[in-house]
Every structure is written in C-alpha cells, then in structure tokens.
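Worksheet: one structure, shown below.
Here, each number is a calculation from the coordinates, and none is a lab measurement. What you are looking at is a predicted structure, and each value in this text was computed from that prediction instead of being measured. When we count neighbours, we look across all protein chains shown, and the Cβ atoms used for this are built from the backbone with ideal geometry, even at glycine.
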Amino acid sequence: MTIVVAYKWAPNPQDAAVRSEGTVDFTRAKSTISEYDPVAFELARRVADSTGAQVVGVTVGDASIDTSLARKAALSRGLDRLVIVADDRLVGADSTRLAAVLATVVRRIGDVDLVLAGESSVDVTEGQVAMTLAGQLGWLGLNAVSSVSASDGGYAVERDVPSGTVSMVVTGPAVLATTADAVLPRVPGMKDILGAAKKPVEVLSLDALDVPSAQVTLTTLSTSRPAAGNRQRVIIDGSDPTAAAAELVGALRAAKVL
Amino acid sequence: MNASSQTWIVVADDPAVSGLVVAARILSAEVTAVVAGRRATAESVVAAGVDRVLWLGEPAEGTPVEAYAPDVARTVAAGAPGAVLGSSEGAGRVMLGAIAALLQAPGLSGVTALERDGNQIGVTRSVFGGIAERRDLVTGGTAVIALAGGEISDPTGLAVPVEEVTANALTTGRLTGLRPKEKAPVNLRAARTVVAVGRGLKAKDDLALITDLADAIGGELACSRPLAEGVHWIAKDRNIGISGQQIAPELYVAIGISGQLQHMVGVRDADVIVAVNSDKDALIFKQCDYGIVGDLYTVVPALTAALAAKP
Ligand SMILES: Cc1cc2nc3c(=O)[nH]c(=O)nc-3n(C[C@H](O)[C@H](O)[C@H](O)COP(=O)(O)OP(=O)(O)OC[C@H]3O[C@@H](n4cnc5c(N)ncnc54)[C@H](O)[C@@H]3O)c2cc1C
Ligand SMILES: Nc1ncnc2c1ncn2[C@@H]1O[C@H](COP(=O)(O)O)[C@@H](O)[C@H]1O
C-alpha cells in the first residue's frame, strides 16, 4: 500500500512585497516546505512504519518548485520517494486546478489508500486543496485530523473539532488534512539529508496527465492593497515600567478607550 | 454549463447559517439550501428563512456528515445555481471541495464582497493571507464560495417544507466516539477588550500576569497560535489570526507577540491596538497605536497597577 503526502513548496506572504496597485511580488520571498506540511510527513511515516506501506510525497506547481533544494527538503523528511509536476501553466493555479492535477497523480500511483495533507498552505491559507482532492477522487475527505493509526481493516482517526475530539474508523480510501499540531515533526539530521539524495524522484509532464479542464473561469477586474490602517504608532520607552504604564493608561483614558 | 440566477447554500449539519443566508440574498431573491445531517439541522435552516430546503435524509448511526459530500455535490450540480455558498469551517470545506471538483470551478475564499452583474457574479476577496485584495468576475458556470457560516437565526418568515432527497453516502468512515471539550467555547467577537499573549511568555505559570491584567482592564484572554497549538497553554478557540478568530474589539492589547501577518489579520479591524514587546524592532510596533518597548515581566504588572489606581 501507498500513503501519499500532498505538500506544497511555497513562500510566506509575510516576506512578499505588495505593489501599490495590489499585485503581489514574491521574488524576494524564499520558498520552503509549507509550514504545516511536515506534520503530514511525520504522521505518514509513523503510520507507514507500522503497516509496511511506502510514503510518496506529491507536489504540483509552477516550474520553480522543482529545485534540488526543494527535492532534498521533502525527501529528508521521511518520504520513500517523490512525484513532482512542475509546469508554468500552473502559475497561480487555483485550489480546484491543483486538486485536479493531484488527483490524476494519485490515480497514477495506483495503490494509494490514504492521502495526508497539511492544515493549510503558508501562501494561500485556505485549507481547501486537500478537501477538493477528496471530491475529485470521490473519496472521504476529513479535515482537522489530529491522529491517525492503523487499526483492524483500516485506520483509527481522531479529529479536533469545536465540540471536542471525535474518534472514527476509516475503512476505505480517504484524504485527511491534519491539524497544525497533530504531531511534532522530526527535524532532519545530516543522515536524512544525505539519504535524500539517493531517493527516487519522478517528474511527470502535465501533458501526460489526463487533467479535466476548468469549466468556470475567473477574470480579474481589479487588485488593490488593503489600507494599512492608520495606526498612531506612539512608542513609549519601557525602561521605567511604572512611568511607561502611567503614560499608556493616561493616553488610553484620554482617548476614551478605557 | 449554464448557471441559473439562483443562489444555493450548502449546510454540513451546522445550524449556524445566518451569514450564508444574508450573503445569498445579496445575489438572489430566492435561496435554496441543501442540508446534509440531522433533520433538526434542516428545520433550523428552514427557520433561518430560506425558500427551499433539500435534505439528504437522516444519517445512519455513525455516519459522518462528510460522507454526504458527493451527494451534496450531485444535488447542487443538478440545480446548476449561479452561486453556491458554504461554510469555510470544518465540514463546509469538504462540501465545497466536492462541489468545486464536480463542477471544475475554482473555490473562492476570503470573500469580502459579493455582487451580481446581470447573470455574472463578482467576488472581492483578500488573497495570500490578506496582503492584497482582488476582484474577479466568475464566468462559465457556478461561483463556489466559502464564507463564515454565521449564527443560528431566530425563526423568521414562512416555514417551507423540508424536501427529502435520496442520498447514497460514502460508507468508508464511521464515527465511534466523542470526547467533549471541558470548557464551553468563548465568544471573543463579543468582547470590547481583548488581552492577548504570545511567545514572549516564558512559562505557563506566568499566565497569571496576563490574566491579572485582563481582569484589571475588563478584557477577555486571547493568544497567538504558538501558545494555543504549540504548547497548549491556552485553548485553541482563543487563538487570534487567520487560522483562529478574527475580531474587532475596541481595544486589543498584544503582549510578547511579534506581529506577523497571520496573527495581525485577526485584529485588523480593532479600534485601538496596544503592544508590549522587548524588541524595539518588532513588526508589531509598525501596526499598533501605542507600544511599550520593554520586558513584559515588568511592564505588565506595572500596567495592572496603573489601571487599579484612580485617574
Ligand atoms: C498557514 C499559517 C497560519 C497561521 N495562523 C496563525 C494564527 O491564526 N494566529 C497566529 O497568532 N499565528 C498564526 N500563524 C503563525 C504566525 O506566522 C507566527 O508564527 C505567530 O503568530 C508568532 O507568534 P508570536 O508572535 O507569539 O511568537 P514570536 O514570533 O516568536 O514572537 C514572540 C515575541 O515576543 C517578544 N518577547 C520575547 N520575550 C519578551 C519579554 N520578556 N517581554 C516582551 N516581549 C518579549 C519577542 O520580541 C517577539 O517579538 C500561522 C502561520 C501559518 C504559516
Ligand atoms: N500545489 C500543491 N501540491 C501539493 N499539495 C498541496 C498543494 N497546495 C496545497 N496542498 C496541500 O493542501 C494543503 C492545504 O492547502 P491550501 O488549501 O492551499 O491551504 C496543504 O497543506 C498541502 O498539504
């Protein structure tokens, strides 16, 4: 059996520049494995070690996601191999497009019974791609998964939902998006990084995949930069805490906030 | 596909749908709801004032609502509405994902405004964690939209019948138990003042410093994500930010919080932001109204004392 981990190589918008007309420039923001995806790597590895499954990392995106640094970063985190689709026709692809490509890759890998994903990506932060992937595959999709382990004839799954912790048994193929703190991911050591170079990487061409075409399209009418908010930025030196506190409380009272 | 001028909402066994109904009415006079889950949920949706309710039937014991996602998607696709709205939380994402996949339509999140332009839908949303805004026209079919679900509505208007639709839920997942949370969820959105703490706090025991200040100022306690999900010192429903609560209190006090994007989008609409941070170059000092550069361990007790003193 195979467990797929869908992960993203992406930059943090914190480091992006937003031009005055609202377009976003990511050129100075460095990409990494998306913040919470290592949680999915770790969970997948633990489950696979108990069942003998293999763990295959899958990522899709524009051409820039396939670098040796990006490959190593993923392969050093407990994967057995990697499958990449990197094509500039996927620049700015929406969650449905990404999920459609991911679904064709999962089908092609074949004997997959579990896809694990992160909570949400660092750049888009919607928590949508994995659940759309479930829809595309016709599989059960669950988010907020805080624990997965092999059990009789399937997987025991726990979910962290507003009312509490739900336990479930999953007996068929499923796509599970993890919580951000389901497990503490291991930090790759020198051995993992060196071992990564020897692991197989398969690069699939977008043309070789039978991806359904988009039926609904978006036409961008305008972009804008949200008003930064006119904050007053009154900064008080706190080296004398009592004086600083009195000054702040006085200011807040004068402003009728207190 | 030729989408109609109707707007539909999808409900994943969660009766808090006021936000979806209000948004749907912006786009269409008539609103149809597709409800997966218990009959009681379908009845609540009736009470929320929609024009038609399609219900997928009482779930068999142990069936999770997510198992209905393919049925929800098929039902929506058959109706071919111009827009379909669902919750951006929890199982809402699963329903929207199944719909988006079946219709091969983009899922739209972070929506700040919706408009109808003839037979087309215009959607304004914040993108990349809120650093930019984009207005798009949706063409070729259904606009698939994720929104905050809202609240449970008081009964309004005419009660329409609940129409049952045959469903064929997935059988690959079974619920086996629920351990309820010890504490009832907090509604930070209702608080006028919120006092939040971040990784500047060194130990869980030191939380007393922060709760003392929150008490003195009459505010609710909140936190940045690492305190809720890294160390579990504070309940997750008190996390402020893109993955937590988005609030607009009159006063927000951020203590030992660096001010990163994913946190600050949660308080963008606060009237006044106060920051206490030992690093004078912390990002938050560019995004606050008042800041004290200092050690929270000395500044916070001083603030609590200053609040106790009469003006
Ligand atoms: C997809 C995604 C979603 C996210 N969602 C959220 C979210 O919803 N909410 C959220 O908060 N974060 C979220 N994050 C995480 C976010 O990016 C930051 O990592 C997080 O907000 C940092 O928390 P912090 O400010 O408490 O910690 P840090 O960034 O570590 O900052 C701690 C601050 O404390 C100060 N400090 C240290 N000691 C003292 C002292 N003695 N006195 C005073 N100040 C002191 C330091 O100068 C520093 O500025 C998300 C990230 C991603 C990728
Ligand atoms: N381009 C991608 N390739 C592979 N997996 C992805 C991609 N984008 C998102 N994912 C997965 O889906 C999760 C949610 O992403 P998002 O919907 O963008 O918040 C991520 O944490 C990844 O696990």
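List of remarks:
- Cβ charges +1 (Lys, Arg) and -1 (Asp, Glu), total dipole of the protein assembly as shown, debye: 780 debye
- Computed E for A:D49/A:T220 - FRET, C-beta separation, R0 45 angstrom, nearest 0.05: 0.50
- A:T27 paired with B:A208, simple spin-label distance in nm, labels 7 Å along Cα-to-beta-carbon: 5.5 nm
- When you count the other C-beta atoms within 10 angstrom of each residue and take the mean per peptide, A:20-28, A:118-126 line up highest first as A:118-126, A:20-28.
- Cross-link pairs A:K198/B:K236; A:K8/B:K204; A:K199/B:K236; A:K8/A:K198 - those with Cα-Cα distance over 31 Å: A:K198/B:K236; A:K8/B:K204; A:K199/B:K236
- Whole-Hz couplings from phi, Karplus 6.51/-1.76/1.60, listed for segment A:196-206; x for Gly and Pro: 4, 5, 8, 7, x, 10, 10, 9, 9, 7, 4
- Counting neighbouring Cβ atoms within 10 Å and putting the fewest first, the residues A:L194, A:L82 line up as A:L194, A:L82.
- Each Cα pair under 8 Å and six or more residues apart adds its sequence gap; the mean of these over the residue count of chain A is a relative contact order of 23 percent.
- In sequence order, calculated HN-Hα J values of segment A:178-191 (Karplus, 6.51, -1.76, 1.60; Hz; x Gly/Pro): 8, 6, 5, 10, 4, 9, 8, x, 5, 8, x, x, 4, 4
- Student exercise, chain A dipole from Lys, Arg, Asp, Glu Cβ charges, in Debye to nearest 20: 360 debye
- For B:T112, residues with placed amide H under 5 Å, excluding near neighbours: B:T124, B:R125, B:S126
- Sequentially through segment B:198-213, phi angles give Karplus couplings (6.51, -1.76, 1.60; θ = phi - 60°) of x, 5, x, 7, 8, 8, 4, 4, 6, 4, 3, 4, 6, 5, 4, 5 Hz, Gly and Pro residues having no value and appearing as x.
- Its DSSP H runs of at least 4 residues, each contributing -39,500 (n - 2.57), put the calculated 222 nm mean residue ellipticity of chain B at -6500 deg cm²/dmol, to the nearest 500.
- Sequence-distant aspartates and glutamates (8 or more away, or on other chains) whose Cα lies within less than 17 Å of A:K191: A:E42, A:D80
- Chain B: angle of helix B:18-27 to the longest principal axis, Cα-based, in degrees nearest 10: 60 degrees
- Distant-in-sequence amide H partners of A:D62 (H built 1.01 Å from N, under 5 Å): A:D87
- The calculated FRET efficiency for A:A17 paired with B:Q120, based on their beta-carbon distance and R0 = 22 Å, is about 0.10.
- Per-selection metrics, the protein assembly as shown (Cα): Rg and Dmax in Å: 24.1, 74
- Computed FRET value (nearest 0.05) for A:V203 with A:L69, which takes r as the C-beta separation and R₀ as 25 Å: 0.95
- Taking the DSSP beta bridges with both ends in the protein assembly as shown, the antiparallel portion is around 40 percent.
- Each residue in A:D113, A:D88, A:D94 was given a count of other beta-carbon atoms within 10 angstrom of its own, and listing them fewest first yields A:D88, A:D113, A:D94.
- Annotation for segment B:220-311: trypsin sites (Lys or Arg not before Pro) lying in DSSP loop with at most 12 further Cβ atoms inside 10 Å of their Cβ are B:K280.
- Distant-in-sequence amide H partners of A:L116 (H built 1.01 Å from N, under 5 Å): A:V4, A:V5, A:A6, A:L176
- Axis of helix A:37-51 versus longest Cα principal axis of chain A: the two differ by about 30°, to the nearest ten degrees.
- Relative to the longest principal axis of the Cα atoms of chain B, the long axis of helix B:296-308 makes an angle of roughly 90 degrees.
- Links that overshoot a 26 Å alpha carbon limit, given the list A:K30/B:K286; A:K256/B:K181; A:K256/B:K183; A:K30/A:K72: A:K256/B:K181; A:K256/B:K183
- Percent of beta bridges antiparallel (DSSP, chain B, rounded to nearest 5): 25 percent
- Neighbour net charge for B:A190 - beta-carbon separation under 14 angstrom, K R +1, D E -1: -1
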